[in-house]
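Taken together, the values in this text are just the output of simple stated rules run on the coordinates, not laboratory data. Bear in mind that the values here come from a model prediction, so they are computed numbers and not experimental data. In this analysis, Cβ positions are derived from the backbone assuming ideal geometry, glycine residues included, and neighbour counts consider all displayed protein chains.
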Amino acid sequence: MPFAEIIGQDRAVGSLRAALARGALHHAYLFGGPAGVGKGAAARLLAQAANCEGPAAAGADACGACGPCTRIARGLHPDVLFLAEEREMAKAGRWEPKGGRTPSKEIVVDQIRELVDRRLGMKRFEGRRRFVVVDPADAMNVQAQNALLKTLEEPPDDTTLVLVSSSPDGLLATIKSRCLRVPFAPLPDELVSARLLAEGWEPAAARVAAALAGGSLGRALGLDAEALEERRQAVEEAASLDPADAGAWLGYAARAGKDRDLARETCELLLVWLRDVLAVGVAGDGATLALPDLAPLSRRAAEALPPPAVLRRRDRVQQALRALRQNGAPALALERMLIGWFHG
Ligand SMILES: [Zn+2]
């Protein structure tokens, strides 16, 4: 797969390709940005492009089909090491903790010593450049980060480390300061929904998924298209509730709160919808909406509610989301949210 398959990251990909073309790769990169926007794919592509033997190599790209490209994609290239959480590597048969210990959700110091240090202590086997890709880098515990620091301070020749992280704040400052930051941006909704359409999604579901995914193609692809329709209906219903009919909205809270995931995703979608209501309030019919299917409801709400009231509703939804994350009862969280909406 060539770099062109990474969508919406022209800046990040452009800077990497420029470094490849100059033959001037940095010894350590930190790919930061939301989950599911192409950071991991870019790390693999960088290793492939630097070692590609196909026709794409001349253009600072990867062909995806030659021997090195294929071996790197399968994790079988001796000069390209992919480091992940113990549990993931154990599942893939690539790691076994010492003394029969249960593999953890972290990247531990033994992995750095036995996989990274040992590999880098040997000479290159077949490739032009060696790579260590740590993904997710924030899974390294403090001891593991400190062990990796030595390598970052005195990197071996012809070696590039790529740390991939959706929460780089979890890394030690000493690690971050030794890496060249390559920021990956959230993807625009249109790119996410276009990709979902190309995957065969229904247009309405693709739009809702893109709005919910917050710029992460990975998250959008992980959503269940059928469940989304249920969420969209739940939002439509909430938006249509009559403030005077307490029986109706208590019933709504009970139904939409029947399970935690439904309640949480309904709240997340309500935030997206309230943003649309604000946008209509400001820009009228010219507003670009994340949920065009709910445009009539958004217009009606924008007419009925001044912006401060919309913002208050948004605060109530955020409170409900916090309660849900802290294991609050879903129906109760929604009920309180609606009381706040209608009687706050
Ligand atoms: Zn190739």
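With θ taken as phi - 60° and the Karplus curve 6.51 cos²θ - 1.76 cosθ + 1.60 applied, the whole-hertz 3J(HN,Hα) list for the stretch 231-246 is 5, 4, 5, 4, 5, 4, 5, 4, 5, 9, 5, 8, x, 7, 9, 4 Hz, x standing for glycine and proline. For the stretch 185-208 and the stretch 254-317, compute the distance between their C-alpha centroids and round to whole Å. About 20 Å separates the Cα centre of the stretch 185-208 from the one of the stretch 254-317. Spin-label model, THR288 to GLU5: label points 7 Å out along the Cα-to-beta-carbon direction sit 2.8 nm apart. What the pair-distance distribution of the stretch 3-183 shows, using all Cα-Cα distances binned every 10 Å from zero, is 10, 39, 38, 12, 1 percent.
Take every Cα pair under 8 Å whose residues are at least 6 apart in sequence, average their separation, divide by the length of the stretch 224-343, and the relative contact order is 31 percent. Using the Cβ-Cβ distance between ARG325 and SER104 with R0 set to 22 Å, the FRET efficiency from 1/(1 + (r/R0)^6) comes to roughly 0.40. Here is the size of the chain from its Cα atoms: Rg then Dmax, 24.1, 75 Å. Using the Stokes-Einstein relation with a Kirkwood hydrodynamic radius computed over Cα pairs, the translational diffusion coefficient of the stretch 224-343 at 37 °C and a viscosity of 0.692 mPa s comes to 230 µm²/s. Compared with the alpha-carbon gap, the fully stretched path from ALA254 to ALA18 is longer by 79.4 nm at 0.36 nm per residue.
In loop segments of the stretch 172-263 as defined by DSSP, the GluC sites (Glu not before Pro) with at most 15 further C-beta atoms inside 10 Å of their C-beta are GLU199. Within the stretch 256-277, which residues have the backbone N less than 16 Å from the label spot 7 Å out from LEU332 along Cα→beta-carbon, could you tell me? Inside the label zone: 257-260. Per residue, the average separation of C-alpha pairs within less than 8 Å and at least 6 apart gives the chain a relative contact order of 16 percent. Between GLU230 and LEU172, the FRET efficiency from the beta-carbon distance, with R0 = 41 Å, is close to 0.45. Against the chain, whose longest principal axis is taken from its Cα atoms, helix 260-283 shows a tilt of about 70°.
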